[in-house]
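Below is one structure, written out as structure tokens; comments come after it.
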Amino acid sequence: MKVAVLGLGYVGCTAIACISSQGHHVVGIDISEAKVSTIRSGKSPIKEPKVEELLHAAKQEGRLDASTSVGTHLDECHLAIVCVGTPSGVDGSHNMSYIVQVSRQIASAIARDRTEPLTVAYRSTMRPGTMDQMITPIFKAALGDAFETAVELVYNPEFLREATAVDDYFNPPKIVIGTSSGAPSENMHALHDGIDAPVFVVPFREAEITKFVDNSWHAVKVSFANEVGRVCQSLGISAAQVHEIFVSDTKLNISPYYMRPGGAFGGSCLPKDVRALQYIASDLGANTPLVDSLIRSNEAHKNYQFKVATEGLEAGSRVLLVGLAFKADTDDLRESPAVDIARKLLDAGYKLDIYDPGLTPDMLVGQNLGYAYAYLPTIDTLLVNRQTAESTPYALVISTNRLSKSLTIDADAFVDISVIP
């Protein structure tokens, strides 16, 4: 293919180096004459391992050019990749001025009578909705009736780390391709040919939010590790050995477990131990704001789930809560998020039934017994059997776990708070 890359910063320079090394013909476009002249000489304007070697080879083989303007370069291109910056604005939002400028330039340069649409792929980090609400209107306004046939818009986030960008390009953790309908793009498939990685073809917004989720999670990991390190150092504990133990657990710690959006955390361990670590850190003066925020975040999630589940539900309506224990197949109610949901439903004046076959009030003992009656003193009258649950008409059924899948319930509405789809 012939590929144009607009914006020759770290992402753009790495892109032209790697794409040209795959046998494609690449033209890099940037308003900086210094960058363009450097690339034309087969050198790199950025310091990044392996980039200059790849650029030099591509130049020697006649597969690399650079320009300060779009001009007619797009006429023969199959693909244009946008890599311009989206720096932080004063309020923390992205400054989208460069994206708007380059989008207008591309839209104006596209020939209306193209026999095949130009694929325009954006790699700059952008707020979800940008492709639909900003980029697409720019191209529609410029191309008019030719929009459907002259251009294919794509969002394709990159996952490159500085100092290892070339290796990351050819060995990415994943490839994410966002299109307007979530359908595959032939040119994007060709661009990634030979790269072995999981491929996700999704609608624009799912692709757009990917970088925010990834980078925020990386920031959480760094902050959490440093907070634990401060606590360890204050206690004379080897943070390095604690880290070695922690990352060795790939079943729970470094794994997909506990990462699926859904219910709040609860049970006998997580809340108790988080509070204890908060106390230890405070006592030591270690200052752990991330750990301190965990309980507040969890309570906020419970409130959010209650609001979403009962939105539009009339006061006094009959509600069935399926699953009260911390997990299905247990009778542990200690700090179960479902107990909080039940209490909120009662406080709001709803008529509540609870179905949980694992619970028998006269079998509750110890702390479990105390917790049950402290938060739901009328639990004996709230629990119903399967026959009652399946024969009673409900305005709303709230499912907290997989128990609801085995029931046939007459309900006007059903909400599963164990998962966010």
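Say we look at the stretch 17-40 and pick out the residues that are in a helix (DSSP H, G or I) and more than 32 Å from the chain's Cα centre (by Cα); which of these is surrounded by the most Cβ atoms within 10 Å (Cβ to Cβ)? Explain how you work it out, then say what you get.
Within the stretch 17-40, the first condition is being in a helix (DSSP H, G or I), and the residues that meet it are 17-21, 33-40.
When the remaining residues are screened for being more than 32 Å from the chain's Cα centre (by Cα), the result is 33-40.
Working: 33: 10, 34: 9, 35: 22, 36: 20, 37: 13, 38: 19, 39: 27, 40: 15.
Restricting to residues being in a helix (DSSP H, G or I) and more than 32 Å from the chain's Cα centre (by Cα), the top hit is 39.
Would you mind stating whether residue 127 is in a loop (DSSP other than H, G, I, E, B), more than 14 Å from residue 72 (Cα to Cα) and either in contact with a Cys (Cβ under 9 Å, 6 or more places away or on another chain) or in the same structural domain as residue 186 (by TED's automatic domain parsing) (or both)? Can you show your working first?
Details: in a loop (DSSP other than H, G, I, E, B): yes; more than 14 Å from residue 72 (Cα to Cα): yes; either in contact with a Cys (Cβ under 9 Å, 6 or more places away or on another chain) or in the same structural domain as residue 186 (by TED's automatic domain parsing) (or both): yes.
Judged against the criteria, residue 127 is a match.
Taking the listed residues 314, 335, the one that is among the charged types (D, E, K, R), part of a loop (DSSP other than H, G, I, E, B) and farther than 13 Å from residue 263 by Cβ is 314, with no other qualifying.
Considering only the stretch 91-115, state which residues are hydrophobic (A, V, I, L, M, F, W, C) and more than 21 Å from residue 128 (Cβ to Cβ). Outline the logic, then answer.
Of all residues in the stretch 91-115, those hydrophobic (A, V, I, L, M, F, W, C) come to 96, 99-100, 102, 106-107, 109-111.
106, 107, 109, 110, 111 - these are the residues of the stretch 91-115 that are hydrophobic (A, V, I, L, M, F, W, C) and more than 21 Å from residue 128 (Cβ to Cβ).
Is it the case that the stretch 129-152 has a residue that's touching a residue at least 40 places away in the same chain (Cβ under 8 Å), closer than 21 Å to residue 24 by Cα, touching a helix residue (DSSP H, G or I) at 6+ places or on another chain (Cβ under 8 Å) and crowded, with 17+ Cβ neighbours inside 10 Å?
Let us first name the residues in the stretch 129-152 that are touching a residue at least 40 places away in the same chain (Cβ under 8 Å), namely 129-132, 136, 150-151.
Imposing the further condition that a residue be closer than 21 Å to residue 24 by Cα reduces the set to 151.
This time we only want the ones that are touching a helix residue (DSSP H, G or I) at 6+ places or on another chain (Cβ under 8 Å), so: 151.
Now narrow it down to the ones that are crowded, with 17+ Cβ neighbours inside 10 Å: 151.
Within the stretch 129-152, one or more residues are touching a residue at least 40 places away in the same chain (Cβ under 8 Å), closer than 21 Å to residue 24 by Cα, touching a helix residue (DSSP H, G or I) at 6+ places or on another chain (Cβ under 8 Å) and crowded, with 17+ Cβ neighbours inside 10 Å.
Counting only helices (runs of 4 or more DSSP H) wholly contained in the stretch 191-262, the ones carrying 2 or more residues that are exposed (fewer than 14 other Cβ atoms within 10 Å of the Cβ) occupy 210-234, 239-248.
Hey, among the residues in the stretch 41-60 that are farther than 14 Å from residue 5 by Cβ and in contact (Cβ under 8 Å) with a residue 40 or more places away in the chain, which one's surrounded by the fewest Cβ atoms within 10 Å (Cβ to Cβ)?
Checked the stretch 41-60; the qualifying residue surrounded by the fewest Cβ atoms within 10 Å (Cβ to Cβ) is 49.
Within the option set 176, 166, being in contact with a strand residue (DSSP E or B) (Cβ under 6 Å, 6 or more places away or on another chain), of a type outside the set (Ser, Thr, Tyr) and either in the same structural domain as residue 16 (by TED's automatic domain parsing) or part of a loop (DSSP other than H, G, I, E, B) (or both) holds for one residue only, 176.
Among the residues of the stretch 352-360, is any modelled with pLDDT of 90 or more and surrounded by fewer than 18 Cβ atoms within 10 Å (Cβ to Cβ)? Yes: one or more hits.
The residues in the stretch 10-45 that are among the aliphatic types (A, V, I, L, M), over 14 Å from residue 84 (Cα atoms) and in contact with an Asp or Glu (Cβ under 9 Å, 6 or more places away or on another chain) can be counted, and the count is 5. In the set (1) surrounded by 22 or more Cβ atoms within 10 Å (Cβ to Cβ); (2) closer than 30 Å to residue 206 by Cα, the condition left unmet by residue 320 is number (2).
For the condition assigned to a helix (DSSP H, G or I) and surrounded by 12 or more Cβ atoms within 10 Å (Cβ to Cβ), residue 327 does not qualify. So is residue 349 part of a loop (DSSP other than H, G, I, E, B) and surrounded by fewer than 18 Cβ atoms within 10 Å (Cβ to Cβ) or not? Yes, satisfied.
The values are calculated or read from the model by the stated rules, or taken from the named source; none is laboratory data. The structure presented is a predicted model; accordingly, all values stated were derived computationally and were not measured. Cβ: placed from backbone, ideal geometry, glycine included. Neighbour counts: every protein chain shown.
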